[in-house]
Each structure stands twice: as C-alpha cells, then as structure tokens.
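So the structure is just underneath, and the comments pick up after that.
The values are calculated or read from the model by the stated rules, or taken from the named source; none is laboratory data. Since the structure is predicted, the reported quantities are computational estimates derived from the model, not experimental observations. Here the Cβ is made from the backbone with ideal geometry for all residues, glycine too, and neighbour counts use every protein chain on show.
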Amino acid sequence: MISTYSKDPDALTNKVLSVALIGAEDHRRNAVAKLIAAQASVTREFSSYPELDDVPRLLEADYDVIIVELDSNSEHALDLVENICGNSSVTVMVYSAQSDSEMLVRCMRAGAREFLVEPIAMSTMAEALVRASVRRPAVQPAKKTAGKLHVFIGAKGGSGVTTIASNFAVSLARESSQSTLLIDLNLPLGDAALDLGIQAQYSTANALQNINRLDFHFLSKLLIKHSSGLFVLAAPDKYTQVEESNEAVRKLLSIARQNFDYVVVDAGSRFGATGKALFEDGSTVYLITQVGVSELRNSNRLISELLKSSGAKLEIVINRYTSRSLGIDEESIAKALTMQPQWKIPSDYPAARSAQNTATPLALKDSPISRVILQMSRTACGLPANAEKKKRFNLFG
C-alpha cells in the first residue's frame, strides 16, 4: 500500500492507493518505479505482460492504479488495458517513449486515464497519482463475491440435461430474485433457447470465438432476456463448429460469475479437456442420469474417475424416474452410483411434451416435474425446499 502526496497543499494527500506497475523493459520500469517512489512505493511490479486470461486474478488484488508500459507489445498492451477497464473501476495509466496522437486516442478509447510520455517529469507522475486518488471513493465498496456456478451434465446423450437445466435456471431466477444467467455450452447443437421459447441473435459461439476481446460489456451484448427475468447465452441457431479451449471456457465463466449472482450451465455430455473448467472449487455439478444399465454404468465411471476428484460439489439427479424402473430397486441404484441420488424427477411425458410443443418452460406451470425442480432451485439459493402454498407459476407474475 502506498500513500501519495504532493507539494500542493490543496491536493488530497491522505488517500491510500495500491499500485501495480507492468513493464517488460527493466530499465524503463525501474525509472517509473523511482518516480512513484518519490511520492511513495509500488505495491507490485510485473516484468512481463499478463495474459488476458490472467486479468481476473490480477483484479482480485483490488489495485487502485495499474500502470502499463505500452511499447514492448502495443497491441497486447491495448487489449490488456481494455480488458482491465472493462472488468473493473481501477485507474489505468500507460507510459510510452513515443508521443503518438493516434495511439493516445486508442488508449483513451480502451479506457486508460493517463498517457505518460517518457521521460516522465516527477510533477507529472505526482499529479497523475493525485487524480487517481481523487477518483478513488472515500469508502471502498465491499468486494462482490463471485456468483455461484451450477453445472448440469449428462451421463449419456438424451438424459434430459437441457430440459432440467433450463427449467432450473428459470425457477432459480424467480425464486432467488437475483441476477441469473443460463449458458448453453452444449455445442454445437444446444437447444436451451428452443425449450425456453426464445430466439437469440448471438450465441456462445460469438463469445468463444472472440475470447481475446471478451469482457462483460461485450458479453452483455450477446445475451437475451427471458420473460421470467433469466438472462440466456444461447447456443448457435445454426450448426457451428467452435474450436474452444479450457482457458476460453474458464474465462467466459469467470466473467459471468463476476457479474451474475447465479450462473447455470447446460453442458450436455462434456467430458473432454474443456470439461475441466466446469468442475471448479465451489461449483455444484448436477449429474443427470436415468435408471438403465448403460446410464448407471456411465454414472459410476464418471463419479469415481472424474467428479469425485474435482473440487465441485456433486449431486445426482435421476430423470424420468418411476418406482420400478426396469426392475432395478433403489438399493441397487445407490450401489451402482456409489452414493445416494439427491433428486428424483418423475416421468411425466404429457407435461414434458406439452412444454416442448408450446415452448413454455415447465417451471412456469404446476406439474410433478416442476415441483421437484422448484425444490432444487430453492435449495440452491438457500430457501426451504417446500415453499408456502400460494399462487405461482404465473408467466407474468
């Protein structure tokens, strides 16, 4: 932490700032550090540019000022400035050996507050720090806790992941009365938007194909809002092959969790490299399965070889459940799964078919299926599983 001061008696000298200094060239970075040291001291120095995927971790330190050297890699530096400014209120400054008016404009558009031209005068640095001190609120707001991540994944294709995930998200948005986002990662053929009766202009593909420029401002343009209040990042309407990486998925989820209280993911049956980003510490993974030999076998392997070794909380959901499914009793089901299932969603073909035909979410109507999903969503947001009896399931309520 550093205290900034100026010889100007009218300056705000009692502010306390934290400063990060980023510069690839040691001698230039050291010169800037000495200028700051004339006022105070640098909290942390970085001898290389952070990758854009590292920005969320950089921002966790809650720096008041981040100063970035521009010249070593100006395009990456600009992307870094834009990413930082798009995801925080930190004051960003840049320094350069070139007085380039075009570059100055680009830096300002990216969000930089100060463009410092070397050699930098001591008074120039002092004034810039004072301006940063003025921008800093007298009382720092409490740091926002990352939103809770709920991932729905199927033991086998056709398990009903999309139906459960999309209706859970609708119910969670309504019951919690907090900001909720549904991300359809069931690529390339996700159809959560179809289940919800909405048509989106943009999709998950747009986010993952523009990962270097992805911030919340960009992400917000890709979302569509359902009448329930749920925000949705839909899968592409047309078949789109998306080359995605674990880092890209992790960045998308990180930005989403920074800006929504709840993030729900329809992951289909994703168990490749990109699946690792879904099973983070603190997330809840709902493994959707059915009572069948192949489904239970897949579930057993996934639980023992993948999900139990992750930092995620695991909940088993048996879909289309009947009390005598294929002659397999509950004791055999629990033995096959190596754990008791937390949720059993009853088989109700007429209600499910009606919801699909009318494009009206099950969560907005009363049915045996919707009652269990309601209990799941209320438990997820810390409410009693069984709500008081009152009129609900009103589309416009």
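Assorted remarks:
- Within segment 201-226, the residues that satisfy the criterion of being assigned to a helix (DSSP H, G or I) and hydroxyl-bearing (S, T, Y) are T204, S220.
- Remark: pairs (first residue in segment 103-125, within 14 Å of S74 (Cα to Cα); second residue among the acidic types (D, E) and outside any loop (DSSP other than H, G, I, E, B); Cβ separation under 7 Å; 6+ apart in sequence or on different chains) = A110/E82.
- If only residues of segment 67-122 that are touching a strand residue (DSSP E or B) at 6+ places or on another chain (Cβ under 7 Å) and among the acidic types (D, E) are counted, the one that is nearest to P50 (Cα to Cα) is E69.
- Residues that are among the aromatic types (F, W, Y) and assigned to a helix (DSSP H, G or I), drawn from segment 152-191: F168
- Conditions (1) surrounded by 17 or more Cβ atoms within 10 Å (Cβ to Cβ); (2) among the hydrophobic types (A, V, I, L, M, F, W, C); (3) over 28 Å from N298 (Cα atoms): number failed by A385: (1)
- Residues in segment 47-77 that are surrounded by fewer than 20 Cβ atoms within 10 Å (Cβ to Cβ), at pLDDT 90 or above and assigned to a helix (DSSP H, G or I): S74, E75, H76.
- In segment 143-185, residue nearest to the chain's Cα centre (by Cα) [restricted to those that are closer than 15 Å to S228 by Cα, surrounded by 24 or more Cβ atoms within 10 Å (Cβ to Cβ) and not hydrophobic (A, V, I, L, M, F, W, C)]: T180
- Screening the candidates M125, M108 for the property of being at pLDDT 90 or above, part of a helix (DSSP H, G or I) and out of contact with any Leu (no Cβ under 6 Å at 6 or more places or on another chain) yields one hit, M108.
- In segment 186-204, the residues that are surrounded by fewer than 20 Cβ atoms within 10 Å (Cβ to Cβ) and not β-branched (V, I, T): P188, L189, D191, L194, G197, Q199, Q201, Y202
- In segment 327-349, the residues that are part of a loop (DSSP other than H, G, I, E, B) form Cβ pairs under 8 Å with partners that are basic (K, R), at six or more places apart or across chains, as follows: S347/R320.
- Residue, farthest from the chain's Cα centre (by Cα), within segment 224-250, restricted to residues that are crowded, with 19+ Cβ neighbours inside 10 Å and closer than 22 Å to Q178 by Cα: S228
- Test result for I369, closer than 20 Å to V263 by Cα and modelled with pLDDT of 85 or more: no
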